[in-house]
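Working notes, beginning with the structure itself.
Coordinate-derived values only; no laboratory data. The structure presented is a predicted model; accordingly, all values stated were derived computationally and were not measured. Ideal geometry is used to build each Cβ from the backbone, glycine not excepted, and the neighbour counts take in all protein chains shown.
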Amino acid sequence: MADIEGLREAKDVKISGTGSAAGFHLKGSAHLDWGMKNRMSRIIKPDTGRTVMLAVDHGYFQGPTSGLEVMEKTLEPLIPYADCLMLTRGILRTSVPPGCQTPIVLRVSGGQSVLTELSNETWNVDVDDCIRLNAAGMAFSIYVGAQHEHQTLVAFSDLIDAGYAAGIPVLAVTAVGREMARDARYLSLSSRIAAEMGANIVKTYYCQNFTKVTGTCPVPIVMAGGKKLPELEALEMAFKAVSEGAVGVDMGRNIFQSDSPVGMIKAVRAVVHCNEKPKTALKIYEDEKKTSKAPKVKAKASRPKSRK
Ligand code: R5P
């Protein structure tokens, strides 16, 4: 039984001010519940308000992807530098050590393959499983303007309801699809629709006049990487995206298909978290590449001392 003798009287009171728990570092998120905010903060870091998400979910519709053939091999060196991993539950369960402390945004849409119509996708992972897997967020693709637009938007609304019920934020992936125009008009349309429907984070592509996309979307935007570019170009794109309002990147191929994935993710981190200029960040990538390719100096085998 608790000792009730000698209890000290409560004296410290607070009658004005907001307190440190009141502020929140992300736009559109101030009124979320504590669990949602806590998960958002695991995905998008409070100290910089930015994130480097590593997207490795490509296999859910395109099977083994160059750079992702053996997931453990790709992930092991990159996990320490990723703020968050975006992947499928199949890869999480088979290829990520459960001791991993990196937050997970779980891909919860699918149902099609690269051989068929890409937009024919729906919600395919129960929120109970996301809770079981300790997901920090759930990622879902919406196909605005595509053949199955309606189906994806309706399923997205159901996911948003489930996300709020469980306190798990939803990241909307927009503008994926073969014939989607990737200009400010289309990207702002699809990002805004995602946010209006309740998305907590939006992932979209960089484009000319990107501030039209970030500035008309009431929730944080992360930039999608897209196809593999020369490293400097990818860093320039990331730099422009964060300078023009993105809270970071959710990048895949431009990291894991680089000839130095660790060098590239370190360089991307420098751009995203430290506003490093692309050419300076490129040097981080180049240095890492040199170091990892340098032949390891073999330690001289020590000879056993001859006995006299
Ligand atoms: C797209 O539907 C998936 O979320 C991809 O994993 C992601 O957008 C691809 O990343 P990246 O284009 O940077 O390889």
Env charge @ Ala162, Cβ radius under 10 Å, K,R +1 / D,E -1, value -4
Most fluctuating of Asp128, Asp158, Asp12 in the GNM of the chain (C-alpha, under 10 Å) is Asp12
Here the relative contact order (percent) of the chain, from C-alpha pairs under 8 Å and at least 6 apart, is 15
Amide H contacts under 5 Å for Tyr206, restricted to residues at least 5 apart in sequence or on another chain and with H modeled in the peptide plane, are Ala224
For 244-253, 276-285, 27-36, 183-192, ranked highest to lowest by mean beta-carbon neighbours within 10 Å, the order is 244-253, 183-192, 276-285, 27-36
Computed over the stretch 195-280, the relative contact order (Cα-Cα under 8 Å, seq sep at least six) in percent reads 27
Shape call for the chain, from the Cα gyration tensor axes a ≥ b ≥ c (a/c under 1.5 means rounded, otherwise prolate when a/b beats b/c, else oblate), comes out oblate
From fewest to most C-beta neighbours within 10 Å, the residues Leu153, Leu92 line up as Leu153, Leu92
Residue by residue through the stretch 39-53, the couplings from Karplus 6.51 cos²θ - 1.76 cosθ + 1.60 with θ = phi - 60°, in Hz, x for Gly and Pro, are 5, 4, 6, 6, 7, 10, 5, x, 5, 10, x, 10, 8, 10, 8
Checking the stretch 132-201 for GluC sites (Glu not before Pro) in a loop per DSSP with at most 11 other beta-carbon atoms within 10 Å yields Glu179
